[in-house]
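This report concerns only the one structure given below.
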Amino acid sequence: MGGPVPALISVIARGGSACEALHPPMPQLSRATIRETAAVLGQAVGPLFAKGMFVRRPSIVRLLHDTGAELAEVRALQALRARHGPGPVMLATPGRRLAVVLDPAHARRVLDETPEPFETDMAEKHAALAHFEPRGSLASRGEDRAERRRFNDRVLDSACPIHHLGGEMTAIVTAEAEALLARADEEGGLSWGAFKDGWHCMARGVVLGRSAADDKELSRLLIRLRGDANWAFLKPKRRSLRERFQAAVRAHLDRAEPGSLASLMPAANTPRAAPVDQVAQWLFAWDAAGIATFRALTLLASLPGYAQSARDEALHGSPELPLLRATILESVRLWPTTPAILRETDRETDWNGATMPAGTGLLIHAPYFHRDDQRLAYANRFAPELWLGGDPERVGLVPFSAGPGFCPAKQLVEFLGSHMLAHLLARIWRVPERRRLEQGRMPPTFDQFSLTLSLT
Ligand code: HEM
């Protein structure tokens, strides 16, 4: 028997008031205690900031690699879920509303409903990006964001597996891969430093044109600004340094060199598109793409069976190179280069009847979603098959984000990275014994800074 009278009797029998029975409390979002909040901030978020969100700090990456300490990130969020259920869970952070997303379906919702009500432009992210790209799409709202996002989608050909300038681009990749192989032959191996230099030459060539390929000074200026961005609010903006960097980018864009992405910009430009700021994000993000590709090469060098299949694909397989693309996706699943996807609610949002206030910052912690060994049988295994069918986003695998704010260069990164790998696999690479990756036991952190692959 239901209805208000029995409910009233049962509440009063429990010692509650008649008022509580007639107006049952609204469901509340789970709230972490101060202790739990400290554990989440210290163990799950702390290492991400310590490593550097915008430019990695090699010594901290090495320390995390050697100690395996990043496993604690996943454990801290698993413990939160064990106590509070699927969340989202509000943290006890005075002066700032913050929530952690713990369930793949909730992560999907937040990403699908970007940018409204879940804005990409979160206060902390804005403060960091303002150091080098104050008008970047991620740090913009409303019509500004819409125009900037459209510009990115158009120039980067975000919907196409192979960019329409693919022919020019693969010529640049081939030339750079050959230079890298020649250097490796000469030096007996390929260090991260050598790979990174070649990779950035390629990236500048693709974005700004071949005559920008050797402009290392441009990348050096950006590194200094990204170093400041690691400190967000805590470091004053270096306006004149930013202006120098922006002037150098503008000079390259003005040439609109045929075959480069810059050549597509005049047609895609609109009054609020701010191309120089979008290009700053691209030049910054090529770093992540290089890291992902070098790690993918290390995965293949550690697992010879997969390397042989990848080599066969490069020689005789589909020109879209699905296995090599999947290897890059696995590299960023296992070691996400964007470990924190941040959003901010621009209004109240409803979570199964509970209300999350406007202005709440939301954290989607990629390593927790990608390496959750309580939920995913393949958490610590190299599993390229995940990306060859099915719906990885449904289970929370979002290395390039998802929904309307997904990375507009996802296809381009897979395309150029897989071509680079196809060329490099012309040789057989060896990982130093103590750094070899073991199937089923992928480490929580991957330190590429101190790694040199040798040639057999
Ligand atoms: C391994 C390489 C890369 C990964 C894993 C990656 C991942 C991501 C992720 C997760 C986001 C969403 C961030 C957020 O919402 O806070 C994002 C955004 C973005 N990425 Fe990438 N990215 C990569 C490389 C690149 C490259 C090479 C470019 C440009 C050439 C690029 C351009 C962008 C842009 C413009 C956005 C902002 C999109 C927007 O405002 O809606 N990314 N990327």
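Some observations on this one:
- Some residue of region 123-130 being more than 10 Å from the ligand (Cβ to nearest atom), assigned to a helix (DSSP H, G or I) and over 19 Å from the mean Cα position of the chain (by Cα): no
- Test: residue in region 223-235 that is out of contact with any Leu (no Cβ under 9 Å at 6 or more places or on another chain), farther than 24 Å from Ala50 by Cα, free of Cβ contacts under 8 Å to residues at least 60 places away in the same chain and in a helix (DSSP H, G or I): no
- Test: residue in region 232-242 that is within 15 Å of the ligand (Cβ to nearest atom), touching a Gly at 6+ places or on another chain (Cβ under 6 Å) and over 30 Å from Glu433 (Cα atoms): no
- Selection status of Val155, in contact with a helix residue (DSSP H, G or I) (Cβ under 9 Å, 6 or more places away or on another chain) and within 16 Å of Gly417 (Cα to Cα): no
- Summed over region 267-297, the residues that are part of a helix (DSSP H, G or I), crowded, with 22+ Cβ neighbours inside 10 Å and of a type in the set (Gly, Ala, Ser) give a count of 5.
- Hey, Leu300 part of a helix (DSSP H, G or I), more than 12 Å from the chain's Cα centre (by Cα) and farther than 26 Å from Leu41 by Cα or not: yes
- Ala247 vs. criteria surrounded by fewer than 19 Cβ atoms within 10 Å (Cβ to Cβ), at pLDDT 95 or above, small (Gly, Ala, Ser) and within 16 Å of the ligand (Cβ to nearest atom): no
- Some residue of region 381-399 being at positive phi, within 14 Å of the ligand (Cβ to nearest atom), not acidic (Asp, Glu) and not in a strand (DSSP E or B): yes
- Of the residues contained in region 134-144, one or more are found to be touching a Ser or Thr at 6+ places or on another chain (Cβ under 7 Å), in contact (Cβ under 8 Å) with a residue 24 or more places away in the chain and outside any loop (DSSP other than H, G, I, E, B).
The values are calculated or read from the model by the stated rules, or taken from the named source; none is laboratory data. A quick note: this is a predicted structure, and the numbers were derived from the prediction, not measured. With ideal geometry, Cβ positions are generated from the backbone for all residues, glycine too; neighbour counts draw on all protein chains shown.
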